[in-house]
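Structure first, then comments.
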Amino acid sequence: MKRILGILLMSASLLSVAAAQISATSIPVSVDCNNGQSLNATLSKLDRKASYTVSVNGTCTEYVQVIGFESLTLKGLPGAMLLQPSTGAGNLFNTLLLIESSRSVTVQGFTIQADTITVPAVGIGHGSTDIRLRSLTVQGGTEGILIFENSQVSIAYVTARDPGYTPLGVYDSSDVHVERSLFENSTGDLWHAGIDVGASHITIYGTTIRNMQVGINANSSIVDVATFDTYYAFGGPSDVTIENPAGTNFNGVFVDSGGSLNVSSAKLVINKPGQSYGGTTAGVFLSDGSSLNAPNGTLVITGSHGQGIMVLNDSHATVGAVTVTGSSHGGLVAANLSSIDLGAASTLSSLGGNSVDLFCDSGSMITGSANIAGVPTAQCTNLLSTETALLP
């Protein structure tokens, strides 16, 4: 896993150098939508193999397509907006801003606004690489930002709110880096996922996810909570915070179908997840052969209305120095042939105030309980003080 992530980061770094070299000879183009000019019409006349910086003024009410471009910057001047027109998007797949089969494209400085029932606000797909979304406000869309079909995208300083389903959807073997962003639902409507990931990989730090029914929903996917300096020098807060002041959350992170959540060099803080009836609502919920790796004390779950960490259906969690406090039901819960390992040379700090600290059914196991600070409450027949049974 580390080797694969390293290759991805190295590739992104090389693309960054190449983009910087190209931008030195970028051809400037101006579009003033307030004076009747069209961004999409302007793009249709450009050489897709040349390098352009297109500065946009005003409000552009149009569907915009960026297809087959190499080295393009769309730069919104102060107040620039891209709005969904009242006319239909056509019969084929479309988004308000669609980027396909492109390389080294930067979009920055816009407010992008779409309705929640027609099209995504931003779509990036068909093998697009080194696509950079910067300093955007994305409002609405069936999905705020949709990334698909083996595309590689960096998202930084982006606020995306109130979509039909998710502010950020990542699918089809795509790879996305997220930093210093905000994804929120301010409407109170159901059902929303802060980030929805299918058969893909995301790396995230310094980001807040607020009032989503599922903070991060990962199906057959890898979620790495880790700092990186591929695009910006590191500095400032690095926590990924999933918070739920509206009380409408069911799971902070849900990992399913063999996916994995790895919490390493950035902290994952999940505040008040779950529902009072408990069940499978939790801060972190793993199911169907999924895994959690959080060995460094960078996972904190506080005040869960449901479970803290719940591991079901042949899944496994490895935690060390994790903090799980104030869960209304179980702190650490393993069931249906699952296991939780409290790593050696670490402690399960501040575990307490949960209805039951440790719970496992007859077919599941919690190991390494000797590493827990204090005396936890336990309802677990297969509770081992060491990480393994006695070996020959």
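Can you name every residue in the stretch 214-248 that is outside any strand (DSSP E or B), open to solvent by less than 50 Å² (accessible area, probe 1.4 Å), in contact (Cβ under 8 Å) with a residue 40 or more places away in the chain and at negative phi?
Hits for the stretch 214-248 are Ser221, Ala226, Phe228, Thr230, Tyr231, Thr248.
How many residues does the stretch 37-85 hold that are touching a strand residue (DSSP E or B) at 6+ places or on another chain (Cβ under 6 Å), assigned to a loop (DSSP other than H, G, I, E, B) and among the charged types (D, E, K, R)?
Counting residues in the stretch 37-85 that are touching a strand residue (DSSP E or B) at 6+ places or on another chain (Cβ under 6 Å), assigned to a loop (DSSP other than H, G, I, E, B) and among the charged types (D, E, K, R) gives 1.
Confirm whether Thr106 is open to solvent by 20 Å² or more (accessible area, probe 1.4 Å), over 26 Å from Thr203 (Cβ atoms) and of a type in the set (Val, Ile, Thr).
Answer is no for this residue.
What number goes with the only condition from (1) modelled with pLDDT of 95 or more; (2) surrounded by fewer than 24 Cβ atoms within 10 Å (Cβ to Cβ); (3) more than 19 Å from the chain's Cα centre (by Cα) that Met310 does not pass?
Checking Met310 against (1) modelled with pLDDT of 95 or more; (2) surrounded by fewer than 24 Cβ atoms within 10 Å (Cβ to Cβ); (3) more than 19 Å from the chain's Cα centre (by Cα), the one that fails is (2).
Could you count how many residues in the stretch 356-371 are open to solvent by 40 Å² or more (accessible area, probe 1.4 Å) and modelled with pLDDT under 90?
Final tally of qualifying residues: 1.
Does Ser135 meet the test of being under 27 Å from Ser186 (Cα atoms), among the small types (Gly, Ala, Ser) and open to solvent by 10 Å² or more (accessible area, probe 1.4 Å)?
Judged against the criteria, Ser135 is a match.
In the stretch 179-211, what residues are surrounded by fewer than 24 Cβ atoms within 10 Å (Cβ to Cβ), touching a Ser or Thr at 6+ places or on another chain (Cβ under 8 Å) and among the β-branched types (Val, Ile, Thr)?
Ile202, Thr208
Here is a list: Val300, Val322. Which entry is open to solvent by less than 10 Å² (accessible area, probe 1.4 Å) and in contact (Cβ under 8 Å) with a residue 24 or more places away in the chain?
Numbers: Val300 fails: open to solvent by less than 10 Å² (accessible area, probe 1.4 Å).
Going through Val300, Val322 in turn, just one is open to solvent by less than 10 Å² (accessible area, probe 1.4 Å) and in contact (Cβ under 8 Å) with a residue 24 or more places away in the chain: Val322.
Rundown of residues vs (1) farther than 20 Å from Ile195 by Cβ; (2) more than 20 Å from the chain's Cα centre (by Cα); (3) open to solvent by less than 10 Å² (accessible area, probe 1.4 Å); (4) in contact (Cβ under 8 Å) with a residue 24 or more places away in the chain, yes/no style:
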| position | (1), (2), (3), (4) |
| --- | --- |
| Tyr63 | yes, yes, no, yes |
| Ile67 | yes, yes, no, yes |
| Ser71 | yes, yes, no, yes |
| Phe110 | yes, yes, no, yes |
| Ile117 | yes, yes, no, yes |
| Gly140 | no, no, yes, yes |
| Phe148 | no, no, no, yes |
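The values are calculated or read from the model by the stated rules, or taken from the named source; none is laboratory data. Just so it is clear, the structure is predicted and the values come from calculations on it, not from any experiment. Glycine gets a Cβ as well: all are built from the backbone with ideal geometry, and neighbour counts include every protein chain shown. Surface accessibility is based on the protein's heavy atoms, side chains included, excluding ligands, DNA and RNA. Shrake-Rupley method; radii C 1.70, N 1.55, O 1.52, S 1.80 Å.
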